[in-house]
Amino acid sequence: MAAFDEVVARFGVGLPQRQEVTARFRVIFDLAIGTNCLERLVIFGSYVSAVAEPNDVDIILVMRDDFRPENCPAQSRVLFDHQRADNELGASVFWLRPDMLIGEPLDGFLSHWQFKRDGQRRGIVEIRP
């Protein structure tokens, strides 16, 4: 687990494309915090790798069990519509509440994201809200 500033210091520098993706990540982080319902934020994919120019940022938002997108601030609602987040924020944002998982603990669900479709491991970092 890392702090937001630690992740940005490690992965947010370099070529302009990486800096642009970092700016998008900062917006997403602020919008997620603005819901007052964020429990965990997990970032994975090329952003948390040595790839010089990641295309986007891949994020999983774990929200409180009582969270409902329609009750969050209007500007944050973009996070809870995957296609809209991709179009407007240039990010793949996935979200869930722990109570949405049936028969699988949250940590087990999150650990699946460490693997690519071909079985290779990928970087995954949890950020403290």
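Structure notes:
- Gyration tensor verdict on segment 1-83 (Cα atoms; rounded if a/c is under 1.5, prolate if a/b is larger than b/c, oblate otherwise): prolate
- Max mean-square fluctuation residue, GNM over the chain, Cα-Cα springs under 10 Å, options Arg117, Arg97, Arg64: Arg117
- Note on the chain: GNM, Cα springs under 10 Å; of Ile28, Ile60, Ile102, the largest mean-square fluctuation is that of Ile102.
- Most mobile of Glu39, Glu53, Glu88 in a GNM of the chain (Cα contacts under 10 Å): Glu88
- Gyration tensor verdict on segment 70-129 (Cα atoms; rounded if a/c is under 1.5, prolate if a/b is larger than b/c, oblate otherwise): oblate
- Overall form of segment 17-129 per C-alpha gyration tensor (a/c, 1.5; a/b vs b/c): oblate
- Theoretical gain in end-to-end length, Ala50 to Asp66 [0.36 nm per residue, Cα-Cα removed]: 2.1 nm
Computed from the coordinates by the stated procedures, all read-outs in this text should not be read as laboratory data. All values reported here derive from a predicted model rather than from experimental measurement.
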